[in-house]
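A short write-up of the structure that comes next.
Any read-out appearing in this document is the output of simple, stated calculations on the displayed coordinates, not a laboratory observation. Note that this is a predicted model, so its numbers are computed, not measured. FYI the Cβ positions are ideal-geometry reconstructions off the backbone, even for glycines, and counts take in every protein chain you see.
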Amino acid sequence: MILSVAAITALIFAAACTKEGAQGPPGKDGVDGEDGINGTDGTAVCSTCHDNSEGVETKIGQWEKSFHATSGLQFENRTTCAPCHTSQGFKEALAIDSSATLAPIEDPANINCYTCHHIHDTYTAADWALRVTEPSPFWLTGETADLGKANLCIKCHQERTSYAIPDVNNPDGIYSVTSTRFGPHYGVQGTSVSGIGFYKVGGDYMNSAHSSIEDACINCHMASAIGYATGGHTWIIEDEEEGANYNGCLSCHTAAEAEELRAELELEITDLETQLGTLLEAAGIYNPAGTSGYAVKGDYTNKVAGAFWNLMCVYSDGSGGVHNPKFIKKVLENSIASLQ
């Protein structure tokens, strides 16, 4: 039914003229209830780490300069690559005690704070704890080294399992090189400082004092930082503008002494690498101009393939011998002698 304008006007007028009655007597007061419990400040736990010390800001600034942050290699998210190239893969591989993930990692992240620490697990100071503290066997050889806090670092900084080390007990046996990338892969600092994972031809091997430094990698690479250039969470030893950070060396050397010893060692190791490279190039296994690996595919004796393996280990270690001077020097000397 549709009301007329007159009817609607009458209803509005009637409603406007309606008056309320007098207020009734007040009701009785109710019984007081118990006071509630004060709630927890929602941001209280945040200040455990995010305080005004700017410690988190400093660590992030250093990390942003690091190779972990800038490498762009997190796209290597395949099952066998993800444990060391992605943050999610690292945590998964730890959880299942494997050197590979169950599937490729989607939306892979760089190695970051969450990779190495228990960030935001409990929102307490325990979140700074390292994810790895105990030693574990190296993937390729099954041998174990205990480097203290650096046991975390060497979970990735070791040889991959793609290739077997040639048999040092059968030097004239045949080893088939099926890929130009034959070798231990990059970042073998953990096995290098431990003297593990090499083709140990000859004898007189001895680790240097650097192998027994407490917490190994961390002591030197995370020494007192110089801005965002070196040390701390940059893990960088030398910066083009700031120079080398020898703060981690000062318990045994002066900065000047460390600089001199390093320069002398690098010259010596470079010369030995050149000698060995020349012999391996003559043997046909080494292509120094390679753009996708330095090996030449083919069948070689174990002593040739083993010497090439050693050259790639020293190259991939990247320290110029500093990580384990006595051992690396002997590896190169013995490899050269085995081919002469």
Restricting the range 275-340 to trypsin sites (Lys or Arg not before Pro) in coil, as DSSP defines it, with at most 14 other Cβ within 10 Å: Lys297
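Give, as a single signed number, the net charge of other residues whose beta carbon lies under 13 Å from the beta carbon of Gly318, with Lys and Arg counted +1 and Asp and Glu -1.
On the way: positive: none; negative: Glu238, Glu266, Glu273, Asp317.
So the environment of Gly318 carries a net charge of -4.
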In degrees, nearest ten, helix 87-96 long axis to first principal axis of the chain (Cα): 80
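Using a Förster distance of 30 Å, how high is the FRET efficiency between Ala209 and Thr70, based on the Cβ-Cβ distance and rounded to 0.05? All intermediate terms of the calculation are to be shown ahead of the outcome.
Working: r = 32 Å, r/R0 = 1.06.
Once the sixth-power term is evaluated, E becomes 0.40.
Between Ala256 and Ser136, what length in nm is gained on full extension when 0.36 nm per residue of separation is reduced by their alpha carbon distance? Can you show the working numbers first?
Numbers: separation 120, 0.36 × 120 = 43.20 nm, distance 3.64 nm.
Stretched out fully, the Ala256 to Ser136 stretch lengthens by 39.6 nm.
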Of Leu280, Leu102, Leu73, the one that fluctuates the most in a GNM where the chain has Cα springs shorter than 10 Å: Leu102
Residues listed by number, the range 80-115, amide nitrogen under 17 Å from His50 label point at 7 Å toward C-beta: 113-114
Stretchable slack from Asp172 to Lys59, in nm (0.36 nm times residue separation minus alpha-carbon distance): 35.5 nm
Residues of the range 75-116 with amide N under 12 Å of the 7 Å Cα→Cβ point at Ser179: 80-81
Whether the range 29-78 is rounded, prolate or oblate, judged on the alpha carbon gyration tensor where a/c under 1.5 counts as rounded: oblate
Ordering of 23-32, 151-160, 76-85 by burial proxy (mean other Cβ atoms within 10 Å per residue, highest first): 151-160, 76-85, 23-32
Residues with amide H under 5 Å from that of Ala244, placed H, sequence gap 5 or more: Asp239
Whether the chain is rounded, prolate or oblate, judged on the alpha carbon gyration tensor where a/c under 1.5 counts as rounded: prolate
Helix 55-65 vs. the chain, principal-axis angle (Cα, 0 to 90°, nearest 10): 50
For the chain, built as a Gaussian network whose Cα springs stay under 10 Å, the top-fluctuating residue of Ala22, Ala216, Ala263: Ala22
C-alpha long axis of helix 5-17 to longest principal axis of the chain, angle in °: 90
Estimated inter-spin distance, Glu238 and Glu106, nm [label 7 Å along Cα→Cβ]: 4.5
Extreme residue, positive dipole direction of the chain, given options Leu130, Gly39, Phe198 (C-beta unit charges): Phe198
Under 16 Å between alpha carbons - lysine pairs in the chain that sit 8 or more apart or on different chains: 6
